[in-house]
Amino acid sequence: MAFERLHDPSVISFASDNYAGAIPEVLDAMFAANGGHQGSYGADAYSKRLDALIKEQFGDAAEAHVALNGTGANVLALQSVTERWSGVICAASAHINTDENGAPERVGGLKLLPVETPDGKLTPELIDRQAWGWGDQHRAQPSVVSITQATEYGTVYTADEIADVVDHAHNRGMTVHLDGARIANAAAALDLPLADFTTEVGVDIVSFGASKNGGAFGELVVIVDPEVTLGIEYLRKADMQVASKQRFIAAQLVAMLEDGLWLRAAQHANAMAALLRESLEDAIQDASAPGLAFTQPTESNAVFALLPKTAADVIRSRHAFYDWDATRADGLTEVRWMTAWDTTEEHVEAFADAIVEALQAVG
């Protein structure tokens with residue numbers, strides 16, 4: 001009996017790259033990894049190949065530790081470089097602070113020390129707003145700086161900006177974690193190898209995202225500097241992040257890394273966001289998009305915009321997307337529009353047309 005499809009695959013949204021399905025080559029890799037018996041819990045040929053590929057990307061010292069999801073990867077990474085009394089400095093907008101339901105604190109046993117930023121990016125000066133209180137028993141001890149690449153605002157740190165953060169953190173005895181849920185989009189935007197803005201500038205540990213870039217499930221923790229971590233092989237099990245049939249996660253990552261699929265997918269998603277931005281900028285220029293403005297530069301696969309709430313509601317009736325800030329008193333709302341590996345130029349054109357039509361309808 002054929003499996004019944006329960007959704008309409010022609011429906012495309014701009015809500016999140018998580019809405020997109022898996023890249024066909026990724027599904028093919030999972031199918032190829034099926035059949036026969038392989039060692040469990042990472043003792044399989046695909047996990048071994050993944051280890052080698054991660055060393056190619058991040059350097060010979062790098063270690064790959066597969067996780068089940070992004071929250072688990074972040075918690076596991078942070079837990080492996082902290083003590084029970086540690087604090088983690090992060091942007092207030094960081095995913096670990098806004099969207100992981102207290103998992104870093106409750107599961108990781110650490111305290112987040114958030115800093116407000118205009119664009120989601122930390123700087124040495126912003127870090128210093130929370131980098132204090134060492135030796136004070138009443139304050140969580142700042143031990144880690146966590147940066148997000150690309151940020152929740154879709155902005156991208158340059159390699160030099162990350163180097164400044166790392167140098168500043170290391171000079172104060174702190175390690176640096178990079179939340180790379182969209183690290184592929186950042187690499188595509190920078191046109192740099194992964195090592196150039198991680199290993200080469202001194203980042204200690206990385207959460208490497210795959211699901212947002214066309215994977216089906218599963219993420220990765222990359223230990224760039226093994227000397228700064230402790231017990232991750234035990235923490236991974238304690239944090240319930242060990243997959244018994246790990247080969248199916250590893251096979252996805254192998255397929256993405258082996259011939260540059262991960263980068264091509266991210267380049268395409270970024271290009272579609274740039275196309276959406278360009279189309280709407282043209283509409284603003286010719287006055288056909290009244291009330292529309294942009295709030296962040298479009299550097300990866302996210303477009304942030306400000307528009308009348310009534311228009312946003314009209315658009316959302318046809319295309320799903322998320323409000324970023326709907327609490328404004330002026331009748332405007334900030335929204336986030338995201339593209340993915342499977343977004344096409346036709347999808348972008350139809351969405352841009354829907355935005356312009358809604359803006360014109362509400363005046």
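The values are calculated or read from the model by the stated rules, or taken from the named source; none is laboratory data. Not measured: the values here are computed from a predicted model. Backbone-built Cβ (ideal geometry, glycine too); neighbour counts: all protein chains shown. In case anyone asks, the SASA skips ligands and DNA or RNA and just uses the protein heavy atoms, side chains included. Shrake-Rupley method; radii C 1.70, N 1.55, O 1.52, S 1.80 Å.
Numbers at a glance
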| item | result |
| --- | --- |
| Test: VAL221 is buried (at least 24 other Cβ atoms within 10 Å of the Cβ), closer than 26 Å to THR339 by Cα and either over 20 Å from the mean Cα position of the chain (by Cα) or of a type in the set (Val, Ile, Thr) (or both) | yes |
| Residue check, LEU253 among the hydrophobic types (A, V, I, L, M, F, W, C), assigned to a helix (DSSP H, G or I), buried (at least 23 other Cβ atoms within 10 Å of the Cβ) and modelled with pLDDT of 95 or more | yes |
| Verdict on ASP342 being of a type in the set (Asp, Glu), open to solvent by 30 Å² or more (accessible area, probe 1.4 Å) and touching an Asp or Glu at 6+ places or on another chain (Cβ under 6 Å) | no |
| Qualifying residue in the stretch 32-52 (condition: under 18 Å from GLY214 (Cβ atoms) and open to solvent by 90 Å² or more (accessible area, probe 1.4 Å)) | no |
| Sole residue being hydroxyl-bearing (Ser, Thr, Tyr) and in contact (Cβ under 8 Å) with a residue 12 or more places away in the chain, chosen from THR327, THR298 | THR298 |
| Residue count for the stretch 163-211, restricted to those that are in a helix (DSSP H, G or I), open to solvent by less than 10 Å² (accessible area, probe 1.4 Å), under 28 Å from GLY135 (Cα atoms) and in contact with a Ser or Thr (Cβ under 8 Å, 6 or more places away or on another chain) | 2 |
| The stretch 1-23 residues that are over 20 Å from HIS319 (Cβ atoms), paired with ones that are open to solvent by less than 80 Å² (accessible area, probe 1.4 Å) (beta carbon under 7 Å, 6 or more apart) | ALA22/GLY214; ALA22/GLY215; ALA22/ALA216; ILE23/GLY214; ILE23/LEU261; ILE23/ALA265; ILE23/TRP341 |
| Sole residue being of a type in the set (Phe, Trp, Tyr), in contact (Cβ under 8 Å) with a residue 12 or more places away in the chain and open to solvent by 10 Å² or more (accessible area, probe 1.4 Å), chosen from TYR157, TYR234, TYR153 | TYR153 |
| Qualifying positions in the stretch 270-311 - touching a Lys or Arg at 6+ places or on another chain (Cβ under 9 Å) and open to solvent by less than 10 Å² (accessible area, probe 1.4 Å) | SER300, ASN301, ALA302, VAL303, PHE304, ALA305 |
| Selection from the stretch 22-33 of residues that are touching a helix residue (DSSP H, G or I) at 6+ places or on another chain (Cβ under 8 Å) and either more than 16 Å from ALA269 (Cβ to Cβ) or small (Gly, Ala, Ser) (or both) | ALA22, ASP28, ALA29, MET30, ALA32, ALA33 |
| Hey, MET1 exposed (fewer than 11 other Cβ atoms within 10 Å of the Cβ) and either part of a loop (DSSP other than H, G, I, E, B) or not polar (S, T, N, Q) (or both) or not | yes |
| Residues of the stretch 91-150 that turn out to be part of a loop (DSSP other than H, G, I, E, B) and not aromatic (Phe, Trp, Tyr), as a count | 32 |
